[in-house]
Ligand code: CO
């Protein structure tokens, strides 16, 4: 079963060792990533590859539509571990244009549990209804919603108690909002970086 994947894995592991004999030994001893990536589960948005980081350099949390829900134990566990144990310096909330999750949140369709998961995006949509309604092109409107969703998730992360406590004890930590383009592979920085509690207000 899935022999091609196992074969790929052997080729990959061999290549890593060929490039750097001690690679796996070093990783086994310690992971010390400087970045936490919170991104979409979409198969077209592979976190490490997009930013050219090797195993051990990026702590990753992915879910449908890159949400950071304040009550989600999975996300919160990742966030706390990244901040308190790994002491990452940057948290990257990375959405992507053409996100199926974002589109599904507002198309009125019923899909089951995921409709509840996507509820926060409908709230973002309501909050920015006037701005979004003014965008005539549907694709552009959804892409703007992708951006607004990222900004909202940056706010969720930056206002979280784990982040606030890190800042209070003087730990260097910034939260960034990015959007990845499926059409050209490039990241757009939404310029909503928050590096201290006083900067949260700029997120609106
Ligand atoms: Co997506």
Residue 189 in the same structural domain as residue 43 (by TED's automatic domain parsing) and free of Cβ contacts under 8 Å to residues at least 60 places away in the same chain | yes
(Q) Within the range 85-97, does at least one residue satisfy the condition of being more than 16 Å from residue 143 (Cβ to Cβ), modelled with pLDDT of 95 or more, more than 15 Å from the chain's Cα centre (by Cα) and in a helix (DSSP H, G or I)? (A) yes
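Of everything in the range 24-48, what is surrounded by fewer than 16 Cβ atoms within 10 Å (Cβ to Cβ) and more than 16 Å from the ligand (Cβ to nearest atom)? Give them in sequence order.
At the first step, the residues of the range 24-48 found to be surrounded by fewer than 16 Cβ atoms within 10 Å (Cβ to Cβ) are 24-32, 34, 41, 43-44, 46, 48.
Across the range 24-48, the qualifying residues are 24, 25, 26, 27, 28, 29, 30, 31, 32, 34, 48.
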Those residues of the range 102-125 that are loosely packed, with under 10 Cβ neighbours inside 10 Å and part of a helix (DSSP H, G or I) come to a total of 2
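Condition check: over 16 Å from residue 121 (Cβ atoms), away from the ligand (no atom under 16 Å from the Cβ) and not in a helix (DSSP H, G or I). Does residue 53 satisfy that?
Working: over 16 Å from residue 121 (Cβ atoms): yes; away from the ligand (no atom under 16 Å from the Cβ): yes; not in a helix (DSSP H, G or I): yes.
So residue 53 fits the description; yes.
Which residue out of 157, 150, 192 is at pLDDT 95 or above, under 12 Å from residue 93 (Cα atoms) and assigned to a loop (DSSP other than H, G, I, E, B)?
Numbers: 157 fails: assigned to a loop (DSSP other than H, G, I, E, B); 150 fails: assigned to a loop (DSSP other than H, G, I, E, B).
Selected residue: 192, the only one of 157, 150, 192 that is at pLDDT 95 or above, under 12 Å from residue 93 (Cα atoms) and assigned to a loop (DSSP other than H, G, I, E, B).
From the list 177, 204, 170, exactly one residue is exposed (fewer than 15 other Cβ atoms within 10 Å of the Cβ) and touching a residue at least 40 places away in the same chain (Cβ under 8 Å). Which is it? Can you show your working first?
Numbers: 177 fails: exposed (fewer than 15 other Cβ atoms within 10 Å of the Cβ); 170 fails: touching a residue at least 40 places away in the same chain (Cβ under 8 Å).
Criteria check complete, one pass: 204.
The values are calculated or read from the model by the stated rules, or taken from the named source; none is laboratory data. Only a predicted model underlies this, so the values are computations on that prediction, with no experimental measurement involved. Every residue, glycine as well, gets a Cβ built from its backbone with ideal geometry; the counts of neighbours run over all protein chains shown.
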